Amino acid sequence: MTTIETTAIGGPALVQERRLVTALPGPRSREILARKADAVAAGVAHTVPIAAVAAGGGVVVDADGNSLIDLGSGIAVTTVGNAHPKVAAAVAAQAERITHTCFMISPYEEYVAVAEALNRLTPGDFAKKTALFNSGAEAVENAVKIARKHTGRQAVVAFEHGYHGRTNLTMALTAKSMPYKSGFGPFAPEVYRAPMSYPFRDGLSGADAAARALTQIEKQVGADNLAAMIIEPIQGEGGFIVPADGFLPVLADWCRAHGVVFIADEVQTGFARTGAMFASEHFGIEPDLITTAKGIAGGLPLAAVTGRAEIMDSAHPGGLGGTYGGNPIACAAALAALAVFEHDGLIERAAAIGEILTSRLAALRAADPRLGDVRGKGAMVAAEFVDPATGAPDAALTAAIAKAAIAEGVIVLTCGTFGNVIRFLPPLSIGDDLLNEGLDVIADALAAH
Ligand SMILES: *Cc1c(COP(=O)(O)O)cnc(C)c1O
């Protein structure tokens with residue numbers, strides 16, 4: 001069903017082409033999706049109506065033999081490429097050696113090696129330590145635990161449009177009600193929200209936006225009560241919002257001056273995605289703690305908190321951990337993926353993909369004022385759609401373009417508080433031709449709506 005060919009920087013040797021042999025979903029996918037509807041909780045929704053069976057390079061292949069261009073990487077996860085051969089080999093070898101001991105029962109070297117790598121790769125030339133977990137939300141929860149223990153304070157500030165996960169504490173930190181929070185309260189206490197820098201909508205300089213946020217925090221929370229400030233250096237689910245220059249450094253300096261732990265949530269932006277190993281580097285900040293997950297292990301579930309050793313060590317022995325955190329197979333996958341990020345030119349590749357994305361989208365924007373803003377860094381780029389007369393968000397147009405693109409075999413994701421942003425997060429193993437073809441489909445969809 002699936003033609004095999006040599007190809008792709010990473011991933012199984014799937015033919016690197018968009019190929020629709022049925023309308024989506026095809027009959028086999030339709031069957032599996034019907035079983036999904038019967039067997040899987042309705043709250044676990046999906047956006048692309050296929051049952052995936054293989055993926056690699058820049059394509060996802062479904063159960064009917066359709067081959068879709070992947071501009072989403074499973075939400076910024078398969079950054080090295082899906083089923084990357086080096087990751088797949090590391091996983092297979094590790095699974096034959098040891099699958100689990102629980103690191104809190106009997107430690108193993110793979111976990112230690114991932115911690116060493118993260119301590120070395122994250123920004124900041126100071127002593128660091130790491131703890132490993134299973135998901136981004138779990139990493140965020142633990143970063144807050146550590147910051148509270150370190151400071152002896154309780155309050156946490158998060159930002160408008162921020163997204164930090166779906167567990168109870170991280171729902172409280174997340175800004176958007178529908179679909180993430182609605183009906184799921186009560187939420188964790190001592191979480192406060194500050195205004196974000198959103199240059200396209202607020203027109204403020206970074207310094208002015210930071211002053212606005214800090215005044216609100218000082219008046220409504222008080223620095224003395226504040227354990228941590230958590231922020232995504234470039235917001236993900238909230239709309240790929242890139243803060244104005246200067247915003248993040250002012251916040252980080254203020255935190256340092258007031259003994260507040262500054263946490264950068266790099267779960268979506270980390271690992272070469274933005275054309276730097278971590279997005280914090282673009283803004284010249286050295287966070288006290290960094291949370292990572294998504295791209296870390298080529299698709300295996302793994303997450304981390306990395307930061308200043310004296311902060312990381314404030315939790316007492318036994319205070320941090322979890323049954324599966326830092327599972328040996330996930331760690332082996334991470335070590336393989338991290339080697340690819342470091343040695344196979346992926347940072348440069350992300351920057352080159354970013355050039356293509358931003359130049360092509362900027363050309364579309366010049367021709368169609370409904371595309372109000374193009375922003376992002378590296379292979380993390382967004383297009384925000386608006387009513388050109390008023391600047392009001394146009395979620396209907398955004399949804400229509402995304403739906404049309406998917407029907408034509410291009411996987412794109414939407415995001416944004418107002419649902420009016422299409423985000424581009426291709427795997428860094430995608431070829432230029434496929435990326436350009438995906439953008440052609442988006443351009444056609446925009447022209448048709
Ligand atoms: C996805 C995401 C999370 C949550 O990660 P999960 O692995 O889904 O729990 C947290 N923060 C950011 C910035 C994210 O993008």
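The values are calculated or read from the model by the stated rules, or taken from the named source; none is laboratory data. Quick caveat: nothing in here was measured; it's all calculated off a predicted structure. Cβ placement follows ideal geometry from the backbone for every residue including glycine, while neighbour counts extend to all protein chains displayed. For accessibility, only protein heavy atoms count, side chains too; no ligands or nucleic acids. Shrake-Rupley method; radii C 1.70, N 1.55, O 1.52, S 1.80 Å.
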(message) Please go through segment 298-319 and give me each residue that is open to solvent by less than 20 Å² (accessible area, probe 1.4 Å) and touching a strand residue (DSSP E or B) at 6+ places or on another chain (Cβ under 9 Å), ordered by number.
(response) 302, 303, 304, 305, 306, 307, 309, 311, 312
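The rows are residues; the columns are (1) open to solvent by 10 Å² or more (accessible area, probe 1.4 Å); (2) closer than 15 Å to residue 395 by Cα; (3) not in a strand (DSSP E or B).
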{"position": "406", "(1), (2), (3)": "yes, no, yes"}
{"position": "414", "(1), (2), (3)": "yes, yes, no"}
{"position": "422", "(1), (2), (3)": "no, yes, no"}
{"position": "428", "(1), (2), (3)": "no, no, yes"}
{"position": "442", "(1), (2), (3)": "no, no, yes"}
(request) State the number of residues belonging to segment 266-295 that are part of a loop (DSSP other than H, G, I, E, B), away from the ligand (no atom under 12 Å from the Cβ) and of a type in the set (Gly, Ala, Ser). (result) 4
(request) Check whether at least one residue in segment 143-150 is buried (at least 21 other Cβ atoms within 10 Å of the Cβ), part of a loop (DSSP other than H, G, I, E, B) and more than 12 Å from the ligand (Cβ to nearest atom), and report yes or no. (result) no
(request) Taking residue 23 as the residue in question, decide whether it is of a type in the set (A, V, I, L, M, F, W, C) and either buried (at least 18 other Cβ atoms within 10 Å of the Cβ) or farther than 19 Å from residue 406 by Cβ (or both). (result) no
(request) Out of 228, 188, 137, 115, report the one residue that is part of a loop (DSSP other than H, G, I, E, B), assigned by TED's automatic domain parsing to the domain that holds residue 243 and either at pLDDT below 95 or on the phi < 0 side of the Ramachandran plot (or both). (result) 188
(message) Looking only at segment 261-287, count every residue that is open to solvent by less than 10 Å² (accessible area, probe 1.4 Å) and free of Cβ contacts under 8 Å to residues at least 60 places away in the same chain and tell me the total.
(response) 4
(message) Just to be sure I understand the filter: pairs with C-beta atoms under 8 Å, separated by 6 or more residues or on different chains, first member in segment 423-439 and among the hydroxyl-bearing types (Ser, Thr, Tyr), second member modelled with pLDDT under 95. Which pairs pass?
(response) 429/8; 429/9; 429/10; 429/11
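When the residues of segment 64-83 are narrowed to those that are touching a helix residue (DSSP H, G or I) at 6+ places or on another chain (Cβ under 7 Å) and open to solvent by 10 Å² or more (accessible area, probe 1.4 Å), which ends up nearest to the ligand (Cβ to nearest atom)?
75
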(request) For residue 234, state whether it is β-branched (Val, Ile, Thr), modelled with pLDDT of 95 or more, touching a Phe, Trp or Tyr at 6+ places or on another chain (Cβ under 9 Å) and within 16 Å of the ligand (Cβ to nearest atom). (result) yes
(message) Looking at segment 391-404 only, could you name the residues that are buried (at least 19 other Cβ atoms within 10 Å of the Cβ) and of a type outside the set (A, V, I, L, M)?
(response) 393, 394, 398
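Given the criterion among the aliphatic types (A, V, I, L, M) and within 26 Å of residue 433 (Cα to Cα), identify the matching residue among 33, 24.
Answer to the check: 24.
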(message) What's the total number of residues in segment 187-203 that are open to solvent by 30 Å² or more (accessible area, probe 1.4 Å) and either more than 25 Å from residue 219 (Cβ to Cβ) or within 15 Å of the ligand (Cβ to nearest atom) (or both)?
(response) 2
(request) Look through segment 165-186, keep the residues that are within 9 Å of the ligand (Cβ to nearest atom) and open to solvent by 10 Å² or more (accessible area, probe 1.4 Å), and return whichever of them is farthest from residue 44 (Cα to Cα). (result) 167
(request) Read through the list (1) in a helix (DSSP H, G or I); (2) within 26 Å of residue 98 (Cβ to Cβ); (3) open to solvent by less than 30 Å² (accessible area, probe 1.4 Å), then give the number of the only condition that residue 342 fails. (result) (3)
(request) Please list, ordered by first then second residue, the pairs with beta carbon atoms under 6 Å, 6 or more apart or interchain, first in segment 128-142 and open to solvent by 20 Å² or more (accessible area, probe 1.4 Å) and of a type outside the set (Asp, Glu), second part of a helix (DSSP H, G or I) and more than 9 Å from the ligand (Cβ to nearest atom). (result) 128/119; 128/309; 129/309; 129/312; 130/115; 130/118; 130/119
